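Down below is the structure, laid out as structure tokens.
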Amino acid sequence: MKIVTNEKLIERNAKIGKYTGFISFAIFAAGIFISYKYPEQMGYSLLALMSGFILSQISMYFVNRWGRVPRPDEALNAALKGLDDRYALYHYSSPVSHLLVGPAGLLILLPYFQKGVITYNENKKRWKRKGGNPYMSFFAQDSIGRPSNDIKFETQSLNKALSEIPDFEVPPIRAVLVFINEKAKVDAENAPSPTVHSVQLKKFIRKEAKGNNALSMVDVKTICDSLETA
């Protein structure tokens, strides 16, 4: 399997997460210091505390995506290790964050690090997680969020880019939710988009290569050539 990774972007964003974390801690500490040392300056203290909190959330966003060990791209690489050279995996080097192109089709991979039991509520049309600390879901950005929004945005971005290829009909674009935490248990067969644990991802891909969404090697080459010359 060919792997194309934007290492410069990963390194840059990891540094942003690291340094904004340090800065947020310093500002937060300054706010606490002001509140104790100069109680009459409570306005400045609150401003510092709020600024520190906002920066900490920005830091958490970057750390969760580019500072974790393993990173999402590394976890996907490990999960798909063993696929043959008909496949190409793109990390931050295509219109979407993680893209697998090969006989199994055109697959946007959406990695999630949350643990717990993952299900899909058909009535609310939302993925849900059972287990975990509700405070962590907010302060540590540990919630699943709304994958349907991510799927819609990334699908549109990829479709728009591939539509610019001359004399080429864009094949069906599908998204796969991949839970990479070893403590996650996926029970979402009723979800509108495939939802699997990373240990089952390669098996899923090989099964898809034999299904109705299989992609010809001519189309695979056309897509890969376009992505790598963009």
Euclidean distance between Cα centres, segment 154-230 to segment 63-116, Å: 10 Å
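Return the subset of 8/221; 2/81; 124/152 for which the Cα-Cα distance in this structure is over 19 Å, preserving the input order.
Pairs exceeding 19 Å: 8/221.
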Percent RCO, i.e. relative contact order, over segment 72-229, from Cα pairs under 8 Å lying at least 6 residues apart: 31 percent
Using a Förster distance of 22 Å, the FRET efficiency for residue 5-residue 210 (Cβ separation, nearest 0.05): 0.20
At least 30 Å along the helix axis (C-alpha) and Kyte average at least 0.5, DSSP helices within the chain: 42-66
Added length on full extension, which subtracts the Cα-Cα distance from 0.36 nm per residue, residue 182 to residue 30: 50.9 nm
Pairwise FRET efficiency - residue 152 versus residue 121, Cβ, R0 = 25 Å, nearest 0.05: 0.85
Sorted by Cβ neighbour density within 10 Å, fewest at the top, the residues 178, 96: 96, 178
Computed label-point distance, nm, for sites residue 128 and residue 69 using a 7 Å Cα→Cβ extension: 3.6 nm
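Evaluate E = 1/(1 + (r/R0)^6) for residue 200 and residue 143, where r is the Cβ-Cβ distance and R0 equals 30 Å; express this FRET efficiency to the nearest 0.05.
0.85
Every read-out reported here was derived from the displayed coordinates using simple, explicitly stated rules and does not represent laboratory data. Here the structure is a predicted model, which is why all the values come from computation and not from measurement. Note that each Cβ is placed from the backbone with ideal geometry, even for glycine, and that neighbours are counted across all protein chains shown.
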